[in-house]
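A short write-up of the structure that comes next.
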Amino acid sequence: MTFADLWRELEPLGRDPGTGGYRRYSWTPADAQCRAWFTREAEKRGLTVHPDANGNLWAWWGEPRPGAVATGSHLDSVPDGGGFDGALGVVTALAAVDLLREKAFYPERSVVLVAFTEEEGARFGVPCLGSRLLTGVVDPQAARDLTDDSGITLAEAMASAGLDPALIGPDPALLDGLGAFVELHVEQGRALAPMGSAVGIAEGIWPHGRWRFDFQGRADHAGTARLADRQDPMLPYSSTVLAARQAAAEHGAVATFGKVIAEPNGTNAVPSAVRAWLDARAPDEATVEETVTTIRSASERFSQEQGVTLSVRQESYTPLVRFDKALRDRIAEVLAASGIDAPVLPTGAGHDAGVLAARLPTAMLFVRNPTGVSHSPAEHADLADCEAGVQALALVISDLAGPK
Ligand code: GLV
Ligand code: MN
Ligand code: MN
């Protein structure tokens, strides 16, 4: 089966007909369809699918043996996300298995394809939740208690999908069996296009985190409450958005308020509360910290001026990631030997590979994104570049898992 055939099958799942964006949130019917599709495609290829206790799906080519080469990505999406973020890494993994088989390749080390759960943190707020639970960097009880916007806990969502939430947590045996993890991902940014390269290699991931800002004011009448008497949380919130932009520009960081909830959300009422989520990232950890501190103190000042109470809580944090240099160099060599020039790039986007990098040799391949747009229905990669990604991934797997 070609990459294009596989892509066509997955493409309609979880797509909103109005926006054209994807709403593949974990433990929802769209997510279940994606999981069922992955399981079916893996089984069609004779791979054995073992879900782990955290909801990540592992499809084994050959008996699970120590030193296995893992590849894959995630199938969940941000709200109205693009079709490539995550899905490209899963589809190329399946297509790479087909390509290797066509070439009569038989792995000497086990190869395992993985689809991680809740990578985006779009439903429960913590990105890379599946890989964080697996590696033990998130407390299982804290994870079980995470809630979505309608108050459903992760434990409830997992239980309704047939999993036992009591079992979530680190799985050292599974991780000890992995020799390397290589995640292919659509490029999120536009570095490869001007370089004329279809494929790149990740150097590392910027440190990044999420902070929740709760502005508590007092609901009031939009027509009768005098301006001077209001405790309007929308005012410090909106000033904070502008302050975040300014702080990011001054510190060489990026800072985004992409999610906001006004309560009770009535047109003719001063809101009682505004909840907003800050996403901040920078090339180094000190800069992330300085940027967030600047934003936070500005926000405290704005809130005080309006008689609004502010509380700020960090919801997740990912330190700087540098991928394994030896693995990266080996991949660059393997690709160069086949005439593929793959530039090495840093990225501001988070990935499960970044979480696994703390535990085992890990690398990432990027596939060119001509506009660089991502987390958007406009995200795109050309078919020829996706196919180049399949070729590159197959070369890497055959090198890592093939005869020495
Ligand atoms: C994931 O895509 C992230 O970088 O937030
Ligand atoms: Mn993403
Ligand atoms: Mn992704």
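How big is the dipole moment of the chain about its Cα centre under a simple scheme where the beta carbon of each Lys and Arg is +1, that of each Asp and Glu is -1, and everything else is neutral? Debye, nearest 20, please.
About 120 debye.
Quote to one decimal, in nm, the extra length available between residue 382 and residue 190 on full extension: 0.36 nm per residue of separation minus the C-alpha distance between them.
In short, 67.8 nm is gained.
Do you know the relative contact order of segment 188-305, to the nearest whole percent, from alpha carbon pairs under 8 angstrom that are 6+ apart?
34
State the dimensionless ratio Rg/Rh of segment 170-220 (Rg: radius of gyration of Cα atoms; Rh: Kirkwood radius).
Looking at segment 170-220, the ratio lands at 1.24.
Quick check on the chain: helices-only [θ] at 222 nm, where DSSP H runs of length 4 and up contribute -39,500 (n - 2.57) each and the sum goes over total residues. Nearest 500, please.
-11000 deg cm²/dmol
Please express the shape of the chain as an equivalent ellipsoid: the semi-axes are the square roots of 5 times the eigenvalues of the C-alpha gyration tensor, given largest first in whole angstrom.
40, 23, 19
Angle, helix 285-305 long axis vs. longest principal axis of the chain, Cα atoms, 0 to 90°, nearest 10?
Roughly 20 degrees between the two axes.
With 28 Å as the limit, write out which pairs from 44/103; 325/404; 44/259 have Cα-Cα distances beyond it, or answer none.
In this structure, 44/259 exceed 28 Å between Cα atoms.
Read-outs throughout are calculated quantities, based only on the coordinates presented, and are distinct from any laboratory measurement. Quick caveat, the model's predicted, so the values are computed rather than measured. Neighbour counts run over all protein chains shown; Cβ positions are idealised from the backbone, glycine included.
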